[in-house]
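First up is the structure itself, then whatever we jot down about it.
The values are calculated or read from the model by the stated rules, or taken from the named source; none is laboratory data. Note that the structure is predicted; figures quoted are calculated from it, not measured. All Cβ positions, glycine included, derive from the backbone under ideal geometry; neighbour counts span all protein chains shown.
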Amino acid sequence: MTTAVGRLSTLGRKGLVSLGARVEGESGRSMIDCALVSTNLKSGLEQASRQNSIGQGIVMMVDRDTLILIKPDFLDPAFPDTRFYCWHCALLEGVLVSFPELLTRLNIVRIDWPKPRHEVIQLIGEENQSLPVLVFADDASEQAGARYSRGRKFVAGKDDILKALSSRHSIPAPHP
């Protein structure tokens with residue numbers, strides 16, 4: 001029996017990309033399949049529009065909660081010659097390592113630091129580009145502290161994300 005454990009298709013600046021599909025075969029081995037579906041933005045837009053268009057925007061179905069983090073080791077022009085990481089994102093990376101079952105329950109998307117963050121804008125709007133953010137699956141029930149944008153529920157900031165991961169994905173709560 002082969003089981004697809006996780007997949008997120010996203011429309012980024014380089015086109016329609018399928019991220020992090022993990023497939024488990026009968027032998028128990030796992031394969032990671034990160035396939036670039038289309039490197040042509042126009043082709044990707046046309047394909048996504050045909051599949052999920054509503055009005056002027058492109059609507060993407062999110063089949064599970066999606067955690068969006070900033071890739072570590074970036075430069076900020078305001079601080080020349082200094083490399084950075086987002087410590088809130090690093091905290092959540094540590095939670096992912098500590099509770100690896102989350103990797104099978106969440107879509108994890110790591111994006112570059114500079115704004116505009118097109119992947120985030122597309123999901124929850126330009127005004128919600130601060131990261132990290134946890135965007136709930138389309139069929140998610142109500143969540144305390146959730147915000148709404150573009151028809152999606154989400155929580156932003158490390159504390160609300162940690163609470164949501166505990167309540168929605170059965171990991172322990174952080175100690176006060």
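Some notes on this structure:
- Listed by first and then second residue, the pairs linking a residue in region 94-120 that is within 10 Å of LEU67 (Cβ to Cβ) and assigned by TED's automatic domain parsing to the domain that holds ASP73 to a residue that is in a loop (DSSP other than H, G, I, E, B) and not β-branched (Val, Ile, Thr), with Cβ atoms under 6 Å apart and 6 or more places separating them unless they lie on different chains, are LEU106/ASP65; ASN107/ARG64; ARG110/LYS71.
- Answer residue from region 33-71, given it is in contact with a Gly (Cβ under 6 Å, 6 or more places away or on another chain) and either assigned to a helix (DSSP H, G or I) or under 21 Å from PRO132 (Cα atoms) (or both) and is modelled with the highest pLDDT among those: GLY44
- In region 140-166, the qualifying residues are those that are in contact with a Pro (Cβ under 7 Å, 6 or more places away or on another chain) and hydrophobic (A, V, I, L, M, F, W, C), and the one that is farthest from ILE70 (Cα to Cα) is LEU162.
- Answer residue from region 72-90, given it is surrounded by fewer than 16 Cβ atoms within 10 Å (Cβ to Cβ) and of a type in the set (A, V, I, L, M, F, W, C) and is nearest to the chain's Cα centre (by Cα) among those: ALA90
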